[in-house]
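Participant: Dropping a structure here in structure tokens format, bear with me for questions.
The values are calculated or read from the model by the stated rules, or taken from the named source; none is laboratory data. Treat the numbers as computed from the prediction; the structure is a model and nothing was measured. Neighbour counts are summed over all protein chains in view; Cβ atoms, including those assigned to glycine, are modelled from backbone coordinates with ideal geometry.
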Amino acid sequence: MSIASNASCIFCKIIKGEIPSFKLIETTKTYSFLDIQPTSEGHVLIIPKYHGAKLHNIPDDYLSDLLPVVRKLTKVLKLDENDTPEGEGYNILQNNGRIAHQIVDHVHFHLIPKKNDKSGLIVGWPAQETNFEKLGKFHEELKKELEKEEKL
Ligand code: 5GP
Ligand code: ZN
């Protein structure tokens, strides 16, 4: 049972068993199940048992519980058998907000096997040219923010 739950949220309903799911690993704080519209075989969703739309809404103890579940699932899906950079791999994806391709507003991590170029996650990544001056200025701004954060 989730501590923060939303009666109209599809993933909260899955956690409570009100909507059926192909459940895999469940802990006190985490629930995992097959995605019903997989982009590759073995596409799994891992969710905190805490309703929050974006990652920053989820308490640390839920997030700490979740990643070891993802790791266990890599073993269940035999994604741990290739320790070389070449050949089959996998992606972990977590979208926040419509513009970032989030459809369901309950935090979820996708574990997506990447077996070939046609299935699984296909990334479009508009990388900019390296600009050390711009990066340096931005880094200074962030360090000021970090100092404020540390004082909190
Ligand atoms: P998003 O785009 O929000 O990161 O991904 C939402 C994911 O949830 C999609 O991959 C979609 O297939 C999956 N999904 C949506 N509704 C259901 C459902 O009722 N059951 C399951 N198992 N997956 C769902
Ligand atoms: Zn929810």
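Participant: Please list, ordered by first then second residue, the pairs with beta carbon atoms under 6 Å, 6 or more apart or interchain, first in the stretch 132-152 and modelled with pLDDT of 95 or more, second loosely packed, with under 10 Cβ neighbours inside 10 Å and hydrophobic (A, V, I, L, M, F, W, C).
Facilitator: Close Cβ pairs satisfying both conditions: none exist.
Participant: Pairs, please: C-beta under 8 Å, at least 6 apart or cross-chain, first residue at positive phi and in the stretch 102-117, second crowded, with 16+ Cβ neighbours inside 10 Å and of a type in the set (A, V, I, L, M, F, W, C)?
Facilitator: So the pair list comes out empty.
Participant: I'd like the full set of residues that are part of a helix (DSSP H, G or I), β-branched (Val, Ile, Thr) and closer than 9 Å to LYS49 by Cα, limited to the stretch 1-34.
Facilitator: The one that is part of a helix (DSSP H, G or I), β-branched (Val, Ile, Thr) and closer than 9 Å to LYS49 by Cα: ILE15.
Participant: Picking from LEU55, LEU93, LEU45, LEU79, which residue would you name as being of a type in the set (A, V, I, L, M), under 26 Å from TRP125 (Cα atoms) and away from ligand 1 (no atom under 15 Å from the Cβ)?
Facilitator: LEU79
One line per residue, one yes/no per condition, for (1) hydroxyl-bearing (Ser, Thr, Tyr); (2) in contact with a strand residue (DSSP E or B) (Cβ under 9 Å, 6 or more places away or on another chain):
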position: LEU66; (1), (2): no, yes
position: VAL69; (1), (2): no, yes
position: ASP83; (1), (2): no, no
position: TYR90; (1), (2): yes, yes
position: PHE109; (1), (2): no, yes
position: ALA127; (1), (2): no, no
position: GLY136; (1), (2): no, no
position: LEU142; (1), (2): no, no
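Participant: Quick one: in the stretch 104-120, which of the residues that are within 13 Å of the chain's Cα centre (by Cα) and assigned to a loop (DSSP other than H, G, I, E, B) is nearest to PRO59 (Cα to Cα)?
Facilitator: VAL107
Participant: Pairs please, first residue from the stretch 48-61 and part of a loop (DSSP other than H, G, I, E, B), second anywhere and charged (D, E, K, R) and modelled with pLDDT of 95 or more, Cβ atoms under 7 Å, 6+ apart in sequence or on different chains.
Facilitator: Close Cβ pairs (under 7 Å, with a partner that is charged (D, E, K, R) and modelled with pLDDT of 95 or more) amount to LYS49/LYS29; ALA53/ASP105.
Participant: Return the pairs, sorted by first residue and then second, in which the second residue is part of a loop (DSSP other than H, G, I, E, B), the first residue lies in the stretch 79-90 and is loosely packed, with under 13 Cβ neighbours inside 10 Å, the beta carbons are less than 6 Å apart, and the residues are 6+ apart or on different chains.
Facilitator: Taking only residues 6 or more apart or on different chains, the pairs are ASN82/GLU88.
Participant: Tell me yes or no: at least one residue of the stretch 35-44 is in a helix (DSSP H, G or I) and more than 16 Å from ligand 2 (Cβ to nearest atom).
Facilitator: no
Participant: Does the stretch 18-33 contain at least one residue that is within 14 Å of the chain's Cα centre (by Cα) and not hydroxyl-bearing (Ser, Thr, Tyr)?
Facilitator: yes
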